[in-house]
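Student: Can you read through this structure? Questions will come right after.
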Amino acid sequence: MKDLKVTFIQTKLHWKNIDANLKMFDDYISKIKKGSTDLIILPEMFSTGFIMQPEGLAETMKGKTTEWLRVQAKKKSAVICGSVVIKSGTKYYNRLIWMQPDGTKKTYDKRHLFRLAGEEKVYTSGKKKLIVELKGWKICPMICYDLRFPVWSRNKKNEYDLLLYVANWPEKRVHAWKQLLMARAIENQSYVAAVNRIGKDGNGINHTGQSAIIDSMGEQLSKTRPRKTATETVSLSHKHLQLMRRAFPFHKDADKFSLKD
């Protein structure tokens, strides 16, 4: 199986300004050479910032941000993903959109809504985990606060090879971010790719980024520095992952369990 090239974009976000954010990301993505990556990852709520007032900003799945993702994926011949504020019927969702170059898409609605910000009062929780395939790799995308709940991301029988997080994780809890990302990689014997925004949001909350790509032994492969705008691409080795899983078949001793809503 071929290696997977993963690119993340760590940047500030324009508060409640969809057009400005799409223009900014358009500029960043335009510098990525077509064919140089397989997957481009954007932060949580990349078109608005982490807002709790979705009225007037939430889009449908036929809105401008979804269409923008379709155009970018086709232009770069790569999957592009990030979460967006979506309205469906009378409900709002913090929804990750996985847009493929052929225009088809899959979605994941954030399971764990951030109580400290009142997210659970505004948005509807997702019920289903998403596993997608890219170049033979199985990938499990999640959103920010999901990182704190290891049961939800447990890699039963190696059902995925890459665990992915998009986030607006604040500076004051960034130590937990770093440690939990490492733990998720080690305990699930998978790569982890996580992108977090930088800068101060409209609520005065500061973010330092510290986006990372980590291998199954907990070693960080990416070089992006905290607080710095960056676009970084890292190549992931499926051969190395399989060798590590064969040498250390820890999954065979995992506890059996089931999830209940």
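Student: Rounded, prolate or oblate for region 4-251? Axes are the square roots of the Cα gyration tensor eigenvalues, ordered a ≥ b ≥ c, and the cut-off for rounded is a/c under 1.5.
Tutor: Numbers: a/c = 1.44, a/b = 1.29, b/c = 1.12.
Because its axes are fairly even, with a/c under 1.5, region 4-251 counts as rounded.
Student: Let me ask something additional. Provide the net charge surrounding Gly199, with neighbours chosen by a C-beta distance below 9 Å and charges set as Lys +1, Arg +1, Asp -1, Glu -1.
Tutor: Combined, the nearby Lys, Arg, Asp and Glu give +3.
Student: Sort out for me the Cα centre separation of region 155-222 from region 237-258, rounded to whole Å.
Tutor: 20
Student: Quick check on my link table: of Lys12/Lys129; Lys16/Lys128; Lys129/Lys260; Lys127/Lys156, which ones sit more than 23 Å apart, alpha carbon to alpha carbon?
Tutor: Numbers: Lys12/Lys129 28 Å; Lys16/Lys128 28 Å; Lys129/Lys260 13 Å; Lys127/Lys156 18 Å.
Violating the 23 Å Cα-Cα cut-off are Lys12/Lys129; Lys16/Lys128.
Student: I need the peptides 114-122, 152-160, 191-199 ranked by packing, meaning the mean over residues of other C-beta atoms within 10 angstrom, with the highest value on top. List each step's numbers first, then the result.
Tutor: Details: 114-122: 13.9, 152-160: 15.6, 191-199: 25.6.
The most tightly packed comes first, giving 191-199, 152-160, 114-122.
Student: What does the charge count near Lys64 come to, summing +1 for each Lys or Arg and -1 for each Asp or Glu among other residues with Cβ under 11 Å from its Cβ?
Tutor: Surrounding charge for Lys64 is -1.
Student: How would Ile131, Ile9, Ile186, Ile143 line up from fewest to most surrounding beta-carbon atoms within 10 angstrom?
Tutor: Values: Ile131 14, Ile9 24, Ile186 17, Ile143 27.
In order of increasing Cβ crowding within 10 Å: Ile131, Ile186, Ile9, Ile143.
Rule-based calculations on the coordinates, nothing more; no lab input. Remember, it's a predicted structure, so these values are computed and weren't measured experimentally. Virtual Cβ from ideal backbone geometry, glycine too; neighbours counted across all protein chains shown.
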